[in-house]
Amino acid sequence: MAVEKTLSIIKPDATRRNLTGKINARFEENGLKIVGQRRLRLTKEQAERFYEVHKERPFYGELVEFMTSGPVVVQVLQGEDAVALNRKIMGDTNPANAAEGTIRRDFAESIEANSVHGSDSLGNAEKEIHFFFSDTEIFE
Ligand code: CMP
């Protein structure tokens, strides 16, 4: 296993309920280190660009609206096998299918308001990290 970096977003449903610390504890307790982090509000243009791969999906418009509805916390997580490990810690996209003890099982409100985003591959992690962070903003 190699040390990797992945992009995480704590979504507006979670920031609204003041869950940033509880979610960050899940990452840290499970072996991921937060090596970059910033709170911001996505513009419509940023959210559309970030989720461009889903442009043709029926939920795209609502997803963009939701992601711009409040602040998010964007973060770079680092650790052994970080991309897959983070996906395991988050749980299934749909909280109804997420395993016990995962972030989405414990905190998500719905498939849309599912509290966290995590990169789905190492290649996308690299792209998504650089969507939000320059190398000088990441400190190991
Ligand atoms: P995320 O990992 O951020 O990537 C795309 C997001 O689309 C996903 O999490 C969900 O929050 C959201 N989404 C909304 N509706 C659906 C759906 N029906 N199927 C998959 N993803 C959905």
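The values are calculated or read from the model by the stated rules, or taken from the named source; none is laboratory data. None of the values given here were measured: they were computed from a predicted structure. Every residue, glycine as well, gets a Cβ built from its backbone with ideal geometry; the counts of neighbours run over all protein chains shown. SASA here: full protein model, heavy atoms, side chains in, ligands and nucleic acids out. Shrake-Rupley method; radii C 1.70, N 1.55, O 1.52, S 1.80 Å.
Inspect the range 83-96 for any residue being on the phi < 0 side of the Ramachandran plot, buried (at least 17 other Cβ atoms within 10 Å of the Cβ) and more than 14 Å from the ligand (Cβ to nearest atom) and give the result as yes or no.
yes
Can you find a residue in the range 107-127 that is loosely packed, with under 13 Cβ neighbours inside 10 Å, free of Cβ contacts under 8 Å to residues at least 24 places away in the same chain, more than 17 Å from Ile10 (Cα to Cα) and within 13 Å of the ligand (Cβ to nearest atom)?
no
Identify, from the list Glu56, Glu62, Glu52, the residue that is touching a residue at least 12 places away in the same chain (Cβ under 8 Å), open to solvent by 90 Å² or more (accessible area, probe 1.4 Å) and within 13 Å of the ligand (Cβ to nearest atom).
Glu62
Mind checking which residues of the range 45-74 are in a strand (DSSP E or B) and of a type in the set (Gly, Ala, Ser)?
Listed by number, the list is empty, since nothing qualifies.
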